[in-house]
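This report refers to the structure that appears directly beneath it.
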């Protein structure tokens, strides 16, 4: 290889840094797209919580499902997948279900409290089976 050939293979610092930045962004986007658990359907009869674990006026997140009890003996289920980009909602804070990925929050009836999510959480049928709450 001649010195002229080697000179043609050199790239300047700006091009190298830009290329590295593009590569890093691509890896980050790919990781975000696949890092969160799937919110796919749960087989009917799968236990998602114990009745005693869901307080009246409260909620729990378990097994890809959010279970709320808006009034005594009434349970509602929702997919734990945030409707913004599909990350799993990850905590109950005050009276909301929070997605830490981008800050969306949902009320206990599944509706959006704060965005960037624009759609409510997808409903997931649940029922009481003895002391357990299971998917319907």
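The values are calculated or read from the model by the stated rules, or taken from the named source; none is laboratory data. Source: prediction; values computed, not measured. Neighbour counts are summed over all protein chains in view; Cβ atoms, including those assigned to glycine, are modelled from backbone coordinates with ideal geometry.
Being within 17 Å of the chain's Cα centre (by Cα), surrounded by 11 or more Cβ atoms within 10 Å (Cβ to Cβ) and at pLDDT 90 or above is a property that residue 90 lacks.
Taken over region 96-112, the criterion of being in contact with a strand residue (DSSP E or B) (Cβ under 9 Å, 6 or more places away or on another chain), outside any strand (DSSP E or B) and without any contact (Cβ under 8 Å) to a residue 24 or more places away in the chain is satisfied by 99, 100, 103, 104, 107.
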